[in-house]
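Have a look at the structure below, then the notes.
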There are 2 protein chains.
Amino acid sequence: MTAPGETTATTSAGFTPLVDTARLTGVEAESQAAHHLYEHLIGLWAPGVIEAAQDLGAFSALTLGPATAVRLAEILGTDLRATRVLMDGLHAYDVVRRSHSADGQALYTLPPELHDVFSPHGLYSLVGKISHDRKLAWNAWRNLAENVRTGARDATGGERVNQISEEDYTSLVRGINFWAPPIVRTLADALRELGWTTGESARVLDVGCGTGIYSQLLLREFPALTASGLDTERITAIASRQAQELDVADRFEVVVKDFWNDDWGTDIELALFVNIFHLQTPESARELLLKSSKSLAQGGLVAIADHIVDDDDGAGSVQNKFSRLFAASMLATGGGDAYTLHDYDQWLADSELRRVALLDTPMHRVLLARRA
Amino acid sequence: MTAPGETTATTSAGFTPLVDTARLTGVEAESQAAHHLYEHLIGLWAPGVIEAAQDLGAFSALTLGPATAVRLAEILGTDLRATRVLMDGLHAYDVVRRSHSADGQALYTLPPELHDVFSPHGLYSLVGKISHDRKLAWNAWRNLAENVRTGARDATGGERVNQISEEDYTSLVRGINFWAPPIVRTLADALRELGWTTGESARVLDVGCGTGIYSQLLLREFPALTASGLDTERITAIASRQAQELDVADRFEVVVKDFWNDDWGTDIELALFVNIFHLQTPESARELLLKSSKSLAQGGLVAIADHIVDDDDGAGSVQNKFSRLFAASMLATGGGDAYTLHDYDQWLADSELRRVALLDTPMHRVLLARRA
């Protein structure tokens, strides 16, 4: 909360303010604080309108072209007034544009960059995330208190409860591809600074590769690179298809391995872990780094892209805030923790590795390490 | 959505950015758009952590003083790790402060201006709003699509479905008192500009007064003013108690009236309607203004504080966005609509009234009118 008179304005191109805070200046502190808190509490309005529109097929209808509320209500079989209210709500969040047709009716347009985001087949589709929200996240967040009481660990103590079914997981994995472009750009720039050239013929091991989007985009940055994506059979099938889609199938192979028990080889130039470490216990995190250390080629690197809390970066950094809240998200839906840079540095030291870089991306951090 | 290269930064002291948008510059448009959309979709994280903490009694515990996660877990009977994750999540949203105790543990503090906000007895308490969220809002927003299909009107066609029980309504009414201070300040300034003096001995009729907070705070601005609060018996009992709490009981009387059928008198200097018009149909809105017009003293004013959409103000104004989304909120939970300034001007003209001012407040607009 901001104390009266104090101003800590933050900016975000994606943010929709719902309190005109300039008009709170000089108002008593409790009313100000309540306004700020209220703005947090109505956070559920945004997923509410976006997911309702997706449920009704409104975005799919709008990919065919701009439409009025009358036309949308016809297509979707919805109530006219309610359809208008929903579309105006989406417009308030800048998800659709609103102009006027020749006869003065409001005309709603889905911006082109969002067409594929709402399509199940888009590379950066959020359909899997929305589907996960519909099935799990609303109830999980609403009932978070219960998991705070119990700790949400199962009877064996070590493993986190994971409410995500295999099918939802597959869909969810594709649903977070959109994180990859800025992370890969940051990673590629760092690799170049560390001496990688365009002709680098190194081998990347993408551990727990998911759709493989991170190593696949990296292959596009370095045309002589090859990558192996390690994951379960169900997931690697998705990764293979996507490698073809991205024109890197000739340099991307999937490897179905039990990455705890099977050997990783010994010639790895880059061991890549994206959103893997937050799923680990401290013990399994240490084990992953030990296996990495053993399989690295001379001069090879470990790259970890994850929710890494850097306490030295102050409380206010976006990456720290997102990491803290992602931990709460994992507490709600099961699945892991957000570890601190101090944790990582200790695990690295235990595996005779040392950190050589820590880089910010829009919502994550990228940690690079090599043999100490 | 912001097009690539375009920057439409907005600021809000209460906002918690979870995407570091500076690091999205130059990234492909679809990934950027997906980041912005994702930030909207995770809007439910904020009510999730805040309401869980309230459910568990964490805020109540913190009003006794700062505490570590260990101490809080003891008091609340919760899991230690999960309690730490929850408190760090609250800290990410700036709801609690985080420092370090002498032995290096994180120490969580509830800022003083939030103590009463989380107390059921605070004047600007949000406990009623939180309770309403817990009971109704989560399910209503999650199932918004269904109301868009049906229009959420009952079988008689005219009345909106109102899912709010009488008890929840009472609690909710107190739960939005916090809106009053900046609105009353704006109204009082406007009245002074229109010639009201400190010694103004006018009579205010607060129609559908709820807790009476608006007319009660106005009585404190104008020491010779008197006010009558009209509402149902259950609600006026709350208003009477609160008038005593605010030391204006000698000038505030409650009037239990059927405000559709009973007479309002004829000597009203200010007919005040706060959050009343959005609950009306166009027909009942017109009727309220007709009754107002008849009961105004010579030179008397009508003041309407509500979600008024001003299309001439552009799509981007916070007040328009909030009005549009409040309409979606009413579609989700039942209860009304957000009307445009054009609607109001027409209703006023039908009652021989004319608008003399339109003023922005943090989340509402205040419209002042008098006889044409």
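Matching residues to (1) touching a His at 6+ places or on another chain (Cβ under 6 Å); (2) of a type in the set (Val, Ile, Thr); (3) more than 14 Å from every other protein chain (Cβ to nearest Cβ):
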site: B:Gln298; (1), (2), (3): no, no, yes
site: B:Leu301; (1), (2), (3): no, no, yes
site: B:Asp311; (1), (2), (3): no, no, no
site: B:Ala332; (1), (2), (3): no, no, no
site: B:Thr340; (1), (2), (3): no, yes, no
site: B:Tyr344; (1), (2), (3): no, no, yes
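Restrict the check to region B:254-272 and report whether at least one residue is outside any helix (DSSP H, G or I), modelled with pLDDT of 95 or more and within 14 Å of chain A (Cβ to nearest Cβ). Within region B:254-272, not a single residue is outside any helix (DSSP H, G or I), modelled with pLDDT of 95 or more and within 14 Å of chain A (Cβ to nearest Cβ).
Pick from A:Asp206, A:Asp231, A:Asp189: which is over 26 Å from A:Phe259 (Cα atoms), in the same structural domain as A:Val302 (by TED's automatic domain parsing) and not β-branched (Val, Ile, Thr)?
A:Asp189
The residues of region B:308-325 that are crowded, with 19+ Cβ neighbours inside 10 Å and closer than 17 Å to A:Arg23 by Cβ, listed by number, are B:Ile308, B:Val318, B:Gln319, B:Asn320, B:Lys321, B:Phe322, B:Ser323.
Inside region B:126-139, residues that are facing chain A (nearest Cβ under 8 Å) and of a type in the set (Gly, Ala, Ser) make up a count of 1.
In this structure, is B:Leu110 buried (at least 19 other Cβ atoms within 10 Å of the Cβ), within 13 Å of another protein chain (Cβ to nearest Cβ), closer than 25 Å to A:Asp312 by Cα and aliphatic (A, V, I, L, M)?
Numbers: buried (at least 19 other Cβ atoms within 10 Å of the Cβ): yes; within 13 Å of another protein chain (Cβ to nearest Cβ): yes; closer than 25 Å to A:Asp312 by Cα: yes; aliphatic (A, V, I, L, M): yes.
For B:Leu110, the condition - buried (at least 19 other Cβ atoms within 10 Å of the Cβ), within 13 Å of another protein chain (Cβ to nearest Cβ), closer than 25 Å to A:Asp312 by Cα and aliphatic (A, V, I, L, M) - is met.
Within region A:18-53, the set of residues being more than 7 Å from chain B (Cβ to nearest Cβ) and aliphatic (A, V, I, L, M) comprises A:Ala22, A:Ile42, A:Ala53.
Please verify whether region A:69-91 includes one or more residues that are within 29 Å of the chain's Cα centre (by Cα), of a type in the set (A, V, I, L, M, F, W, C) and more than 20 Å from B:Arg149 (Cα to Cα). No, region A:69-91 contains no residue that is within 29 Å of the chain's Cα centre (by Cα), of a type in the set (A, V, I, L, M, F, W, C) and more than 20 Å from B:Arg149 (Cα to Cα).
Could you tell me whether region B:290-306 includes any residue that is closer than 30 Å to A:Pro17 by Cα, assigned to a helix (DSSP H, G or I) and not β-branched (Val, Ile, Thr)?
Restricting attention to region B:290-306, the residues satisfying the condition of being closer than 30 Å to A:Pro17 by Cα are B:302-306.
With the extra rule that they be assigned to a helix (DSSP H, G or I), the set shrinks to none.
No: region B:290-306 contains no residue that is closer than 30 Å to A:Pro17 by Cα, assigned to a helix (DSSP H, G or I) and not β-branched (Val, Ile, Thr).
If you go through region A:325-356 and keep only what is under 23 Å from the mean Cα position of the chain (by Cα), at pLDDT 95 or above and among the charged types (D, E, K, R), you end up with just A:Asp343.
When residues in region A:181-208 are screened for being touching a residue at least 60 places away in the same chain (Cβ under 8 Å), among the aliphatic types (A, V, I, L, M) and within 23 Å of A:His121 (Cβ to Cβ), 1 of them pass.
Among the residues making up region A:92-128, a single one is of a type in the set (Val, Ile, Thr) and in contact with a His (Cβ under 8 Å, 6 or more places away or on another chain): A:Val95.
Looking at region A:168-222 only, could you name the residues that are small (Gly, Ala, Ser), surrounded by 24 or more Cβ atoms within 10 Å (Cβ to Cβ), assigned to a helix (DSSP H, G or I) and under 14 Å from the mean Cα position of the chain (by Cα)? If the condition is that a residue be small (Gly, Ala, Ser), surrounded by 24 or more Cβ atoms within 10 Å (Cβ to Cβ), assigned to a helix (DSSP H, G or I) and under 14 Å from the mean Cα position of the chain (by Cα), then A:Ala180 is the only one that fits. Restricted to region B:114-165, and to residues there that are more than 18 Å from the chain's Cα centre (by Cα) and among the acidic types (Asp, Glu), the residue that is modelled with the lowest pLDDT is B:Glu159.
Only one of the numbered conditions (1) farther than 17 Å from B:Leu359 by Cβ; (2) part of a helix (DSSP H, G or I) is not met by B:Gln319, and that is (1). None of B:Ala46, B:Ala61 is surrounded by 20 or more Cβ atoms within 10 Å (Cβ to Cβ) and either touching a helix residue (DSSP H, G or I) at 6+ places or on another chain (Cβ under 7 Å) or not β-branched (Val, Ile, Thr) (or both) except B:Ala46.
Need pairs with beta-carbon distance below 8 Å; first residue among the acidic types (Asp, Glu) and within region A:98-115, second surrounded by 13 or more Cβ atoms within 10 Å (Cβ to Cβ); sequence gap 6+ or separate chains. Close Cβ pairs (under 8 Å, with a partner that is surrounded by 13 or more Cβ atoms within 10 Å (Cβ to Cβ)) amount to A:Glu113/B:Met1; A:Glu113/B:Ala3; A:Glu113/B:Pro4; A:Glu113/B:Ala29; A:Glu113/B:Glu30; A:Glu113/B:Gln32; A:Glu113/B:Ala33.
The values are calculated or read from the model by the stated rules, or taken from the named source; none is laboratory data. On a predicted model such as this, the values are computed, not experimentally measured, just so you know. Neighbour counts run over all protein chains shown; Cβ positions are idealised from the backbone, glycine included.
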